[in-house]
Amino acid sequence: MTAPRDPGTVPTTDGRRVAVVTGASSGIGEATARALAADGYLVVVGARRLDRITALAEDIGGIGRALDVTDPDSIAAFVDGLDRVDVLVNNAGGAKGLAPVGEAVEDDWRWMWETNVIGTMRMTRALLPALEASGDGLIVTVTSIAALEPYDNGAGYTSAKHAQGVVHRTLRLELLGKPIRLTEVCPGMVETEFSVVRFDGDQEKAAAVYAGLTPLVAQDVAEVIAFAASRPPHVNLDQIVVKPRDQASARRNIKTG
Ligand code: NAP
């Protein structure tokens, strides 16, 4: 175990490339932070559950800071002093509820749009100058196959993920000519806390989503992100779709037929 760094101070990178991972307190974000740390990055991790973030930072010799991507003040405190940033992984996000548009719960929709879409915009805007100054920046945005395809009862999430994907793909156009690569990672079913959050803590309902098929695990997606980050500066992996073998589309898997 590497000694944790003081989260209050400006990091000394020791010449290491610096990666920022949002939503690193569980699932894909945590696994990505571990994968990038194993590849030699100094990883700065953020999420709202500071206890988990602090423990992770300690484990990987990184820097853990509280982060709520829906709160501009929290973002400002999180990025304060991060003078060097080579990689930004916009991972914080998720779904709330599963309801037809006719029964949409506005608070759930607001949560999904604030976190996935506006959170990605805010984090990217805050770190763009540092990413450009690095001379070889990379922005990875974890969208979803829900960013590519709608499904019944999922419009709150699929519309937010489509919008998040469009923000990311627009940046790809706007940043052409600058030393910043952009990779969108679109996972299918990954067994994380995602469904527990979607179903408001109902573990049984969440487990049923993955019963009867073999979903991806967080590390599967983390390895894809680490691979994208390991490519040379002239190679841009634009969009990567990664699904379990048991899932053909957002609407079809071996259970639905
Ligand atoms: P997860 O285990 O629930 O992780 C979500 C992470 O986002 C947590 O660390 C959570 O931390 C963080 N988060 C939520 N709201 C936040 C906020 N306001 N500010 C900062 N962090 C916040 O789910 P996951 O599957 O790893 O999800 C990661 C990303 O993958 C999400 O964008 C999700 O939409 C996407 N995705 C997931 C799947 C899947 O099947 N699991 C498929 C496609 C795409 P705190 O609660 O501690 O803040």
Expressed in angstrom and ordered largest first, the alpha-carbon extents of the chain along the principal axes are 52, 40, 34
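Only Lys, Arg, Asp and Glu count, each charged at its Cβ (+1, +1, -1, -1), so figure out the dipole size of the chain about its Cα centre, rounded to 20 debye.
Here the size comes out at about 620 debye.
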Straight-line reach check, Lys255, cutoff 19 Å on alpha carbons, 8 or more apart in-chain or any other chain, hits among aspartates and glutamates -> Glu149, Asp152, Glu191, Glu204, Asp246
With a 1.4 angstrom probe the carbon and sulfur portion of accessible area for region 150-257, in percent, totals 55 percent
In terms of the charge dipole of the chain, which places +1 on Lys and Arg and -1 on Asp and Glu at the beta carbon, the residue among Thr22, Ile145, Asn91 farthest towards the positive end is Ile145
Simple SL model, points at 7 angstrom along Cα→Cβ for Asp73 and Thr256; separation in nm is 4.2 nm
To the nearest 10 degrees, the tilt of helix 27-38 (Cα long axis) against the first principal axis of the alpha carbons of the chain is 30 degrees
So for R0 = 25 Å, FRET eff. of Asp200-Asp39 from the Cβ-Cβ r, to 0.05, ends up at 0.10
The helix 155-174 Cα axis meets the longest alpha-carbon principal axis of the chain at an angle in degrees, between 0 and 90 and rounded to 10, of 40 degrees
Ranking Leu175, Val105, Ala160 by how far each Cα lies towards the positive end of the charge dipole of the chain (+1 on Lys and Arg Cβ, -1 on Asp and Glu Cβ), the top one is Leu175
What helix-only [θ] at 222 nm does the chain give? Using -39500 (n - 2.57) per DSSP H run of at least 4, over all residues, to the nearest 500, the answer is -11500 deg cm²/dmol
With +1 on the Cβ of every Lys and Arg and -1 on the Cβ of every Asp and Glu, the dipole magnitude of region 128-198 about its Cα centre, in debye rounded to the nearest 20, is 180 debye
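Any idea of the accessible area per residue across the chain, 1.4 Å probe, to the nearest Å²?
46 Å²
The values are calculated or read from the model by the stated rules, or taken from the named source; none is laboratory data. What you are looking at is a predicted structure, and each value in this text was computed from that prediction instead of being measured. Heads up, the Cβs are rebuilt from the backbone with ideal geometry, glycines too, and the neighbour counts pull from every protein chain shown. Note: areas computed on protein heavy atoms with side chains; ligands, DNA, RNA excluded. Shrake-Rupley method; radii C 1.70, N 1.55, O 1.52, S 1.80 Å.
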